[in-house]
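The values are calculated or read from the model by the stated rules, or taken from the named source; none is laboratory data. In this text the structure is predicted, and so the values were computed from the model without any measurement. Areas reflect the complete protein model, heavy atoms only, side chains present, ligands, DNA and RNA absent. Shrake-Rupley method; radii C 1.70, N 1.55, O 1.52, S 1.80 Å.
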Amino acid sequence: MEENQTPHKRRVRYTGTHPKRFEEKYKELNPEKYAADVQRIIDKGHTPAGMHISIMVQEILDFLNIQPGQVGLDATLGYGGHTRAMLEKLQGEGHIYGLDVDPIESVKTEKRLREAGFGEDIFTVRLQNFADVEKVVQDTGKKLDFVLADLGVSSMQIDDPKRGFSYKIEGPLDLRLNPQKGVTGAERLLELNRKEIEHMLIENADEPYAKQIADNIMKWRYMGKPIETTTNLRDCIAEALTFLPKGEQKEMVKKSCQRCFQAIRIDVNGEFDALYSFMEKLPQVLAPNGRVAILTFHSGEDRLVKKAFQTFNRMGIYSEVARDVIRPTAEECIKNSRAKSTKMRWAIRSEQDLD
């Protein structure tokens, strides 16, 4: 055996007939090697661990109407599915910039797209929050012909227990999109008082039981029971809702967990502030007749996007905006259950340049 040859690494062993833990799902975590197995999972309407199935790809491409030679931006790179589809439309001419704040997944996505044949001449990845979207134009001197922002959390972040995005699996209550910066969800719950926690749950997720949940979080704190993990928070929420009828508790706990995790994630990552900044700066970075499509996943995001588009439309800055949201087809929702809450809004920049 040659000295430099990489030693064989045995795959992770698991009990039973199918791997259950994230790190054991060796086929799903290697989609290039086990393409047929992964496709079977997708065909059943599931998202393979460590992957993300892009939503409303055709609707986005139809609206953006990308032409070879144009310059565009994927403001939320994620797994890169939308980016790849847009790059293919350029047919080797033009450029796309991909922004992401996640230093873990953005490296994997860049590697994946480079191996697919998209070099630095046509595709650039920037570890940057889309709140600072103007920096792309400042650095390149080129305004954007098309922009896409998918505001959902990527499936590979949700599925990884170490990231703490899901109440379904045990992990640290982190919830940071960039785990190298800022405070975790657990730390944030220690910083806020009862009224602040209640306000956060209402403002960020319209949680109907915000008062009861905030009260129980504070009760746990006073009792010296730290909420450090995803299951700690799930159990705390479940305990707070024991006043509900027995037959309703399971479903209500599930929905409240979804809303509370969303609310804390939005707070920890400053998502509404970033989105507001992004929407305010969009007109300055779009070229005349430039197009922008935005996918939202909850009412707070959708309200903010809708209001910004309508305001700039009345000012004549956008010549057209979506009057109604566009939703994924029933067929897509069957194939990808995570698409069900998606709403797409769009706008077209007027011909007048702001400069």
Leaving out ligands, DNA and RNA, what percent of the accessible area of segment 164-282 is carbon and sulfur, probe 1.4 Å?
51 percent
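What number comes out for accessible area per residue over segment 302-355 if the probe is 1.4 Å? Units Å², please.
Details: 3280 Å² over 54 residues.
Averaged over the residues of segment 302-355, the accessible area is 61 Å².
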Along segment 194-202, what does the Karplus equation 6.51 cos²θ - 1.76 cosθ + 1.60 (θ = phi - 60°) give for ³J(HN,Hα), rounded to whole Hz, x for Gly and Pro?
4, 5, 5, 5, 4, 4, 4, 5, 6
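Taking only protein heavy atoms into account and a 1.4 Å probe, give the accessible area per residue of segment 211-275 in Å². Spell out each step's value before the answer.
Numbers: 3180 Å² over 65 residues.
In whole numbers, segment 211-275 has 49 Å² accessible per residue.
Quick check: residue separation of Asn289 and Glu170 times 0.36 nm, minus the Cα distance between them. What number comes out in nm? Working shown, then result.
Working: separation 119, 0.36 × 119 = 42.84 nm, distance 4.75 nm.
Taking 0.36 nm per residue and subtracting the Cα distance, the gain is 38.1 nm.
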What length, rounded to one decimal in nm, is gained on full extension from Tyr276 through to Ile122, with 0.36 nm per residue of separation minus their alpha-carbon distance?
52.6 nm
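Pairs Lys250/Lys343; Lys108/Lys254; Lys162/Lys306; Lys254/Lys343: which exceed 24 Å Cα-Cα? Kindly include the intermediate steps, with their values, before the conclusion.
Values: Lys250/Lys343 27 Å; Lys108/Lys254 31 Å; Lys162/Lys306 34 Å; Lys254/Lys343 22 Å.
Over 24 Å Cα-Cα: Lys250/Lys343; Lys108/Lys254; Lys162/Lys306.
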Amide H partners (placed H, <5 Å) of Gly290, local residues excluded:
Arg349
Average accessible surface area per residue within segment 106-184, 1.4 Å rolling probe, Å²:
45 Å²
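Rounded, prolate or oblate: which one fits segment 127-246, using the alpha carbon gyration tensor with axes a ≥ b ≥ c (rounded when a/c is under 1.5, else prolate when a/b beats b/c, else oblate)? Walk me through the numbers on the way to the answer.
Details: a/c = 2.35, a/b = 2.17, b/c = 1.08.
Since a/c reaches 1.5 and a/b is larger than b/c, the shape of segment 127-246 is classed as prolate.
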